[in-house]
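Below: one structure in structure tokens.
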Amino acid sequence: IQLLVRRLRGDDKEAECAIAYVEKAVNKLTLRMPHQLFIGGAFVDAEGGKTYETINPTDGSVLCQVSLAQVSDVDKAVAAAKDAFENGLWGKISARDRGRLLYRLAELMEQHQEELATIEALDAGAVYTLALKTHVGMSVQTFRYFAGWCDKIQGSTIPINQARPNRNLSMTRREPVGVCGIIIPWNYPLMMLSWKTAACLAAGNTVVVKPAQVTPLTALKFAELTLKAGIPKGVVNVLPGSGSLVGQRLSDHPDVRKIGFTGSTEVGKHIMRSCALSNVKKVSLELGGKSPLLIFADCDLGKAVQMGMSSVFFNKGENCIAAGRLFVEDSIHDQFVQRVVEEVGKMKIGNPLDRDTDHGPQNHLAHLKKLLEYCRRGVEEGATLVCGGKQVPRPGFFFEPTVFTDVQDHMFIAREESFGPVMIISRFADGDVDAVLTRANATEFGLASGVFTRDINKALYVSDKLEAGTVFVNTYNKTDVAAPFGGFKQSGFGKDLGEAALNEYLRVKTVTFEY
């Protein structure tokens, strides 16, 4: 009986899973990185032993060979997740014990934070100091936050008409949906995994995670930590591989009941179509953005310059809510541009593991080439390239922080997202609030937005009129695990973070009694 109780609580200490690591001595650490698929609580080779190379964007070298999941591997992972949901310990333990396991996972992630941040620097080009605070730090916070929600997911009782002479009572239950597929991007590999997976597991679901093909390593390290935390086998599965194969099969699979996706609008539409045609899966999408930042003449200019820089260049511009276009009031435009260019000149471009580096390499070679083409089109259409716009002449995928001015509304760079360190600046006439709001909203995207002004009436008016899921006032990039995050229009629907995120991974059942 004691053994059974311990197993139900996740306390049984079974023999550790055999893991084939790739070991690297980096950053005064010995990294031990799993590189195989993680299915049913075990690290295994892909079908046919297929692998691919994952690349270090700092110098273009091969980090290691990673197993490349095939369609049959997706089926195995979904079967393992389904069995864990329907028959395993995960569905039998109490919600409070489920929360205790997620707290334990958060503790392990914190204990391994330096290793995780170093892997993010190697695999994604993330600046180590930023990765430690944001990529990993916010991931830990996310799991702690949702661990606290596990035993607070509640239904309600509802008064309904009585079937006299009998009486009736209705109540609702909020239940997990089952097996979920999570498809994550390459810009914040661990953090995006955590934003979705923490809410998914807190709600009681099981999950198959598809990390971005170019950044699989922190997801696989995370899988190892779920084992150490005692999370039952099959609850978490991780499949590195291509979106066209693994992501498509997850979207089509009849046993997957929910897809959570972060990525491009084009792929999001395709996933939404597949989810509808397969089995009408529940789906949440966090897609592209072209977030406007409005800077009024009555702002704190020093802070506007500082936060404007952060809004564009944070995480090398590989940031879904990056300010895709800055509208600067005419009377301060020239001064703002001058101060921004001065600050750009102070940025240190270098190895992301160096503690004084401000700006690391872009994530992968194809993205670097896309940025070069993006800037070429900006110059071709007549925008003024004030600085940057070129690849840095050194090994790796480094791109100069870039500033464009005189950007007109019809230009390609005014309409399309760069997803890189490219600041797009346009003027607007002094005092013309409604005109600049019309221009800011003239986009099919609506992920985030911002406004800088000392006038509280103007701030409230502008935040009311901006068509975006998040509006930052006199700040930018200030996300928090307790605040819901998601877009409007073609930036998607559904929320990550906050209590609202739980609803994406729950279904409501109504139960009516007569007595």
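The values are calculated or read from the model by the stated rules, or taken from the named source; none is laboratory data. Just so we're clear, the structure is a prediction, and the values are computed from it rather than from any experiment. Glycine gets a Cβ as well: all are built from the backbone with ideal geometry, and neighbour counts include every protein chain shown. With ligands, DNA and RNA removed, areas are computed over all heavy atoms of the protein, side chains included. Shrake-Rupley method; radii C 1.70, N 1.55, O 1.52, S 1.80 Å.
Go through the stretch 156-199 and name the trypsin sites (Lys or Arg not before Pro) that are in a DSSP coil and have 12 or fewer other Cβ atoms within 10 Å of their Cβ. Don't jump to the answer; show the numbers that get you there.
Working: sites: R167, R173, R174, K196; in loops: R167.
Counting only loop positions with at most 12 other Cβ atoms within 10 Å, the trypsin sites (Lys or Arg not before Pro) in the stretch 156-199 are R167.
Grab the beta carbon distance between K228 and D97, set R0 = 22 Å, and tell me the FRET efficiency rounded to 0.05.
Working: r = 17 Å, r/R0 = 0.77.
Step by step, r from the Cβ atoms, then E = 0.85.
With the other protein chains left in place, how much accessible area per residue, in square angstrom, belongs to the chain at a 1.4 angstrom probe? Don't skip to the answer; put the middle values down first.
Numbers: 20840 Å² over 515 residues.
Per-residue value: 40 Å².
For the chain, what are the DSSP H helices with axial Cα length of 15 Å or more and mean Kyte-Doolittle hydropathy of at least -1.0? Mind showing how you got there, number by number?
Numbers: long enough: 71-86 (22 Å, 0.11); 95-111 (24 Å, -0.76); 113-124 (16 Å, -0.06); 137-147 (16 Å, 0.21); 189-202 (20 Å, 1.09); 217-229 (18 Å, 0.82); 265-279 (21 Å, -0.17); 301-313 (18 Å, 0.83); 330-346 (25 Å, -0.57); 365-380 (23 Å, -0.31).
The qualifying helices are 71-86, 95-111, 113-124, 137-147, 189-202, 217-229, 265-279, 301-313, 330-346, 365-380.
Could you please report the charge total around E329, scoring K, R as +1 and D, E as -1 over all other residues with beta-carbon less than 13 angstrom from its beta-carbon? Mind showing how you got there, number by number?
Values: positive: R427, R439, R454, K458; negative: D298, D330, D334, D430, D432, D455.
Net local charge, E329 excluded: -2.
Between beta-carbons, use under 13 Å as the cut-off and find the net charge around G382, counting Lys and Arg +1, Asp and Glu -1. Could you put the intermediate results ahead of the total?
Details: positive: R376, R377; negative: E380, E381, D406, D409.
For residues surrounding G382, the net value is -2.
Of the heavy-atom accessible surface of the chain (probe 1.4 angstrom), what whole percent is carbon and sulfur?
Details: 10830 of 20840 Å².
Carbon and sulfur: 52 percent of the exposed surface of the chain.
Still on this model: Match the structure shown to one of the listed values (1) 1.02; (2) 1.18; (3) 1.27 of Cα Rg over 2.2 N^0.38 Å, computed from it, and give that label.
(1)
I've got another one for you. Quick check: the distance between the Cα centres of the stretch 366-383 and the stretch 83-156, to the nearest angstrom?
Taking the Cα centre of the stretch 83-156 as reference, the centre of the stretch 366-383 is 38 Å away.
Separate question: So for the stretch 292-479, what are the equivalent ellipsoid semi-axes in whole Å, largest first, each being the square root of 5 times an eigenvalue of the Cα gyration tensor? Could you put the intermediate results ahead of the total?
Working: eigenvalues 142, 60, 47 Å².
In descending order, the three semi-axes are 27, 17, 15 Å.
According to a simple spin-label model (label point 7 Å from Cα along Cα-to-Cβ), what is the distance in nm between C387 and Q111?
Each label point lies 7 Å from its Cα, and together they span 4.5 nm.
Moving on. Starting from the stretch 424-515, pick out the GluC sites (Glu not before Pro) whose DSSP state is loop and whose Cβ has at most 15 other Cβ atoms within 10 Å. Please list the in-between numbers first.
Working: sites: E444, E467, E499, E504, E514; in loops: E444, E467, E504.
Those satisfying the criteria are E444.
List the lysines whose Cα sits under 17 Å from the Cα of K82, skipping any in the same chain fewer than 8 residues away.
K92, K210, K233, K258, K281, K282
Also, I was wondering about something else. Lysine pairs, Cα distance under 28 Å, 8 or more residues apart or cross-chain: how many in the stretch 292-479?
26
Please identify the GluC sites (Glu not before Pro) of the stretch 345-417 that satisfy two criteria: DSSP loop assignment and at most 10 other Cβ atoms within 10 Å. Which are they? Walk me through the intermediate numbers first.
Details: sites: E373, E380, E381, E416, E417; in loops: E381, E416, E417.
Nothing satisfies the criteria.
In terms of Cα to Cα distance under 18 Å, which aspartates and glutamates are near enough to K221, apart from those fewer than 8 places away along the same chain?
Cα-Cα hits under 18 Å: E16, E23, D45, E53, E107, E110, E114, E115, E120, D123.
Something else now. Expected output is a single nm value to one decimal: the length gained when fully extending between S72 and E499, i.e. 0.36 nm times separation in residues minus the C-alpha distance. What is it? Don't jump to the answer; show the numbers that get you there.
Values: separation 427, 0.36 × 427 = 153.72 nm, distance 3.52 nm.
The span from S72 to E499 would gain 150.2 nm if fully extended.
Further, regarding this structure: I need the calculated FRET efficiency for the pair D406 and N168, taking r as the beta carbon distance and R₀ as 51 Å, to the nearest 0.05. Could the numbers behind the result be given before it?
Numbers: r = 68 Å, r/R0 = 1.34.
The pair D406/N168 has a calculated efficiency of 0.15.
Please work out the C-alpha center-to-center distance from the stretch 415-443 to the stretch 210-275 and express it in whole Å.
Distance between centres, Cα-based: 35 Å.
Could you please report the charge total around T357, scoring K, R as +1 and D, E as -1 over all other residues with beta-carbon less than 12 angstrom from its beta-carbon? Please list the in-between numbers first.
On the way: positive: K316, K348, R355; negative: D354, D356, D358.
Combined, the nearby Lys, Arg, Asp and Glu give 0.
Now a separate question. Restricting to the chain, what percent of DSSP beta bridges are antiparallel, rounded to 5? The partial results should precede the final answer.
Details: 35 of 73 bridges.
Here the antiparallel bridges make up roughly 50 percent for the chain.
What FRET efficiency, computed as 1/(1 + (r/R0)^6) with R0 = 25 Å and r the Cβ-Cβ distance, is obtained for K369 and V44, rounded to the nearest 0.05?
The computed FRET efficiency comes out at 0.15.
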